[in-house]
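**Q** Mind having a look at this structure? Questions to follow.
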Amino acid sequence: MTARPLFIGSEIYRRSRYGSNHPLAIPRVSTCIDLARLLGWLPDEIYIDSPTATPAELARFHAPDYIAALQAAEAAQAVSAEDSQRYNIGRGGNPVFGEIFRRPATACGASLAAADMLAKGQARTIYSPAGGTHHGQKAAASGFCYLNDPVLAILRLLDHGVARVAYVDLDAHHCDGVEAALGDDPRVLLASIHEAGRWPQTGAVDAGHAVNIPAPAGLNDAEFALLFDTALLPHVEAFGPQVLVVQGGADALADDPLSNLALSNNALWRAGAALQRLGPPMLMTGGGGYNPWSVARAWVGMWGTLNGFEIPKALPPAADSLLRSLNWHRRKDQPRPEAWFSTLQDEPADGPIRAEIFALADAVNRHAEAVSQAHRRVL
């Protein structure tokens, strides 16, 4: 078993785009790979080229007719009105694009390969920034997610005989697809901090058997730390997971256009390090993140954190040049902060802790204790 974290990526993300005006019309995984290499953090021996999940592997969760519809949409670069309505393809933020099947199937292949390695004791920590497509439904696309790699990874772990898997979601959007698939499975603990009322409007404190923490807009680093430390991490630890699957989306950051949370990337890195210290093998994925600079900096900093690397105060010239070369249609004519190019680490977004945050933590803990008792009765 390698003690060093492994990184799973693919060149498919370098050329694949959802469309010129889509929130995912930005380079994310390719920038993460390039930036990590420029920092000397990604030698060839720990980089794994992602396999592509087969239709049979995807059918462990997804409906075969839906898988076939995605393949047909990629081949034809079009979707019938009937299939669009039935499978939510080609509408609702889920466009038909060049790699509509292969791109998500590659992300799923990475998470499945990671699950195999973790279950077999071949690695302790694996990072797959292309993963984290937590909105995907059994037979429909949803929220930019065509397939659900976290669900497939968790099912693969359970199929390997792993008795308890904890899924922790740090994305600004609730993990509705994962909860719909696995929320009632006593072998799986779901824990999520997300923005209250943000699409999709699910993830209430008292919903189901998950530890859901719907945070108010403006959530700062100090408030996130209180919720994470007192209302999420203790319940994950008490569950005693044998493997962790963590969704590390970057859209809860203050610079992201698709949430109203106000975190710095320090909050995500601190959470990732705390989960890693729990000890079980861990798959860390990406997820949301729609500002090309903030997501690249957050994900590369997460990779550095998982490796125990010192985060540089200033980026070397080649890394600085890479970040300056990025474009973003949303901010074409607006000034960009110098820190987006010259640093990885944000300034901390500390601030006062609002009374509603303390009340939220109390409410989550009351519900989570009932969830824990239900898990203990079954397990």
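The values are calculated or read from the model by the stated rules, or taken from the named source; none is laboratory data. Since the structure is predicted, the reported quantities are computational estimates derived from the model, not experimental observations. We place every Cβ from the backbone using ideal geometry, glycine too, and count neighbours over all the protein chains shown. The protein model used for the area step is the full one, side chains on, heavy atoms only, and it has no ligands, DNA or RNA in it. Shrake-Rupley method; radii C 1.70, N 1.55, O 1.52, S 1.80 Å.
**Q** State, to one decimal in nm, how far the label point of Ala370 lies from the label point of Arg336, with both points 7 Å from Cα in the Cβ direction.
**A** In this crude label model, Ala370 to Arg336 measures out at 4.8 nm.
**Q** Could I ask something else about it? Tally the DSSP beta bridges in the chain and give the antiparallel ones as a percent, rounded to 5. Working shown, then result.
**A** Numbers: 3 of 33 bridges.
The answer is about 10 percent antiparallel.
**Q** Compute the relative contact order of the chain as a whole-number percentage, counting only Cα pairs closer than 8 Å that sit 6 or more residues apart in sequence. Please report the intermediate quantities before stating the final value.
**A** Working: 781 pairs, mean separation 65.9, N = 379.
It comes to 17 percent, rounded to a whole number.
**Q** Please find the FRET efficiency linking Asp49 to Arg91, where r is the Cβ-Cβ separation and R0 is fixed at 30 Å, and quote it to the nearest 0.05. Write down the numbers at each step before the final one.
**A** Working: r = 33 Å, r/R0 = 1.09.
Step by step, r from the Cβ atoms, then E = 0.40.
**Q** Around Thr343, which amide H atoms from residues at least 5 apart in sequence, or from another chain, sit under 5 Å from its own amide H, with H modelled in the peptide plane?
**A** Leu315
**Q** Another question about this same structure. Would you pull out the residues with amide H under 5 Å of Ser142's amide H, same chain only if 5 or more places away, H placed 1.01 Å from N?
**A** Here the answer is Gln137, since their amide H atoms fall under 5 Å of that of Ser142.
**Q** Fully extended, how many nm does the chain gain between Arg60 and Asp185 (0.36 nm per residue separation, minus their Cα-Cα distance)? Please report the intermediate quantities before stating the final value.
**A** Numbers: separation 125, 0.36 × 125 = 45.00 nm, distance 1.56 nm.
That works out to 43.4 nm of additional length.
**Q** How much length is gained on full extension from Asn327 to Asn307, taking 0.36 nm per residue of separation minus their Cα-Cα distance? Intermediate values should be presented prior to the final figure.
**A** Details: separation 20, 0.36 × 20 = 7.20 nm, distance 2.90 nm.
Using 0.36 nm per residue and subtracting the Cα-Cα distance, I get 4.3 nm.
**Q** Of the options Pro129, Leu170, Leu155, report the single residue whose Cα projects farthest towards the positive end of the charge dipole of the stretch 88-186 (beta-carbon charges: Lys, Arg +1; Asp, Glu -1).
**A** Positive-end residue among those listed: Pro129.
**Q** What do you get when you divide the Cα radius of gyration of the chain by 2.2 N^0.38 Å, with N the number of residues? Could you put the intermediate results ahead of the total?
**A** Numbers: Rg = 19.4 Å, N = 379, 2.2 N^0.38 = 21.0 Å.
After normalising by residue count via 2.2 N^0.38 Å, the value is 0.92.
**Q** Quick check for me: using +1 on Lys/Arg Cβ and -1 on Asp/Glu Cβ, what's the dipole size of the stretch 188-347 about its Cα centre, in debye to the nearest 20? Could the numbers behind the result be given before it?
**A** On the way: 10 positive and 15 negative charges, 83 e Å.
It comes to approximately 400 debye.
**Q** For the stretch 1-138, report the convex hull volume of the alpha-carbon atoms normalised per residue, in Å³, without decimals.
**A** Enclosed volume per residue, from the Cα hull, is 111 Å³.
**Q** Whole-Hz Karplus ³J(HN,Hα) for the stretch 220-232, in order, using 6.51 cos²θ - 1.76 cosθ + 1.60 and θ = phi - 60°, x for Gly and Pro?
**A** Once θ is set to phi - 60°, the couplings for the stretch 220-232 become 9, 4, 5, 5, 4, 4, 5, 5, 5, 6, 10, 10, 10 Hz.
**Q** Which sequence of Thr54, Thr31, Thr133 reflects their accessible areas, 1.4 Å probe, from the largest down? Display every interim value, and only then the final one.
**A** Values: Thr54 60, Thr31 5, Thr133 30 Å².
Solvent-accessible surface, decreasing: Thr54, Thr133, Thr31.
**Q** Moving on to the next point. Compute from the Cα atoms of the stretch 200-290 the Rg and the Dmax, the latter being the longest Cα-Cα distance, and quote both in angstrom.
**A** When restricted to Cα atoms, the stretch 200-290 yields Rg and Dmax of 13.2, 36 Å.
**Q** Given bins 5 angstrom wide, list per bin the percent of all Cα-Cα distances in the stretch 229-379, short to long.
**A** 2, 8, 15, 17, 18, 15, 10, 7, 4, 2, 1, 0
**Q** Normalised radius of gyration for the stretch 177-224, please: alpha carbon Rg relative to 2.2 N^0.38 Å, two decimal places. All intermediate terms of the calculation are to be shown ahead of the outcome.
**A** On the way: Rg = 11.5 Å, N = 48, 2.2 N^0.38 = 9.6 Å.
Relative to the 2.2 N^0.38 Å estimate, the stretch 177-224 comes out at 1.20.
**Q** Give me the 1.4 Å probe accessible area per residue for the chain, excluding ligands and nucleic acids, in Å².
**A** On the way: 13930 Å² over 379 residues.
Ligands and nucleic acids excluded, the figure is 37 Å² per residue.
**Q** Also, quick follow-up: Report the one residue of Thr285, Gly272, Phe309 whose Cα lies farthest in the direction of the positive end of the charge dipole of the stretch 224-379 (charges on C-beta: Lys and Arg +1, Asp and Glu -1; origin at the Cα centre).
**A** Thr285
**Q** List, in order, the whole-Hz ³J(HN,Hα) value for each residue of the stretch 3-13 obtained from phi through the Karplus relation with A = 6.51, B = -1.76, C = 1.60 and θ = phi - 60°; use x for Gly and Pro.
**A** Whole-Hz 3J(HN,Hα) from phi for the stretch 3-13: 7, 7, x, 10, 10, 10, x, 7, 6, 4, 6.
**Q** State which stretch of the chain is the longest one without any exposed trypsin sites (Lys or Arg not before Pro), exposure meaning a DSSP loop state and at most 13 other Cβ atoms within 10 Å. Mind showing how you got there, number by number?
**A** Numbers: sites that count: Lys120, Lys138, Lys313, Lys332.
No qualifying site falls inside 139-312, the longest such stretch.
**Q** Normalised by the residues of the stretch 151-285, what does the relative contact order come to in percent, with Cα pairs under 8 Å and at least six apart?
**A** Working: 258 pairs, mean separation 35.8, N = 135.
This gives 27 percent for the stretch 151-285.
**Q** Which parts of the stretch 279-309 would a label at Ala273 reach, counting a residue when its backbone N lies under 14 Å from a point 7 Å out along Cα-to-Cβ?
**A** 301-309
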